[in-house]
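Just so it is clear, none of the values below were taken in a lab; they were calculated from the coordinates. Predicted model only: the values in this text are computed from it and were never measured. Cβ sites come from the backbone with ideal geometry, for glycine too, and all protein chains shown count toward neighbours.
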């Protein structure tokens, strides 16, 4: 019986210890568009592993997040923008964010001139 109580007490203490970490770290991607049409935004590692982030409406803004683990890409992260009005795609990048940084993507009126920059907000 004493063994059972000791085991129960040990398990109770183990569950009461606060877990470190919480949510996995993310990298925010803010997008501002000067383009009149809606644009689909994809993220790739180099030219592989495309991930659709979402749509930014004409002259609109968007906010996306990616896991910080996704930033580890030797070839750098690239954006591929698909202009819905023209059904054409444009490459932006590469960028090399780190955990704790953020990315700002500016979609220009002519999507081929769009650019992305990394802000290192490390404290």
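A full extension of the chain between residue 36 and residue 119 corresponds to an added length of 27.2 nm, given 0.36 nm per residue minus the alpha carbon distance.
Annotation: peptides 89-98, 50-59, ranked by per-residue average of other Cβ atoms within 10 Å with the highest first, follow the order 89-98, 50-59. Counted residue by residue at 0.36 nm each, then reduced by the alpha carbon distance between them, the extension gain from residue 96 to residue 72 reaches 7.8 nm. The simple spin-label model puts a point 7 Å past each Cα toward its Cβ; for residue 50 and residue 84 those points are separated by 1.7 nm. Exposure proxy ranking for 49, 40, based on other Cβ atoms within 10 angstrom of each Cβ and starting from the fewest, stands as 49, 40.
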